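Below is one structure, written out as structure tokens; comments come after it.
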Amino acid sequence: CCEELAVNVVEHGISRNPKRFADMVVRIGDEVSVIIRDDGALFNPIEYDGEGIGIMIAKGVCKDMTYTRAMGQNNVRVTF
């Protein structure tokens with residue numbers, strides 16, 4: 001799930017511009033959550049309805065997925 005989202009960020013969001021930013025934060029508590037943040041083009045994986053199956057599988061694997069766009073950045077949080 002996290003690999004699919006991170007690879008999509010690199011391949012489609014930031015690879016064409018080396019000045020772009022991406023990071024991933026893992027939080028472990030009662031649940032495990034991963035936040036993937038990038039300053040690439042706006043992309044909401046929750047609303048994605050394209051031909052690829054990777055994001056659909058990622059949505060099915062995680063317990064919850066949220067998306068926000070703030071300060072010019074995509075913020076995807078997945079919870080397991």
- Message: Can you report the number of residues in the stretch 26-41 which are closer than 15 Å to VAL7 by Cα and of a type in the set (A, V, I, L, M, F, W, C)?
- Response: 4
- Please tell me if GLY13 is under 17 Å from GLN73 (Cβ atoms), surrounded by 15 or more Cβ atoms within 10 Å (Cβ to Cβ), of a type outside the set (Lys, Arg) and at pLDDT below 90. yes
- Item | In the stretch 58-69, the residues that are within 16 Å of VAL9 (Cβ to Cβ) and of a type in the set (Gly, Ala, Ser) | ALA58
- Task: Might you check whether a residue that is within 16 Å of VAL7 (Cα to Cα), under 12 Å from the mean Cα position of the chain (by Cα), open to solvent by 80 Å² or more (accessible area, probe 1.4 Å) and not polar (S, T, N, Q) occurs anywhere in the stretch 42-61?
- Result: yes
- Message: Can you find, within the stretch 8-31, the residue that is farthest from LEU42 (Cα to Cα) among those that are aliphatic (A, V, I, L, M) and free of Cβ contacts under 8 Å to residues at least 12 places away in the same chain?
- Response: ILE28
- Query: Does the stretch 24-41 hold any residues that are closer than 11 Å to VAL76 by Cα and either loosely packed, with under 14 Cβ neighbours inside 10 Å or not basic (Lys, Arg) (or both), and which are they?
  - Reply: MET24, VAL25, SER33, VAL34, ILE35, ILE36, ASP38
- Note on the structure: Scanning the stretch 64-74 for residues that are free of Cβ contacts under 8 Å to residues at least 60 places away in the same chain, surrounded by 11 or more Cβ atoms within 10 Å (Cβ to Cβ) and not hydroxyl-bearing (Ser, Thr, Tyr) gives ASP64, MET65, ARG69, GLN73
- Would you check if PHE80 is closer than 13 Å to VAL9 by Cβ and aromatic (Phe, Trp, Tyr)? no
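The values are calculated or read from the model by the stated rules, or taken from the named source; none is laboratory data. Given the structure is predicted, the values throughout are model-derived calculations rather than measurements. Because the Cβ atoms are built from the backbone with ideal geometry, glycine has one as well, and the counts that use them run over all protein chains shown. Side chains included, ligands, DNA and RNA excluded: accessible areas come from the protein's heavy atoms. Shrake-Rupley method; radii C 1.70, N 1.55, O 1.52, S 1.80 Å.
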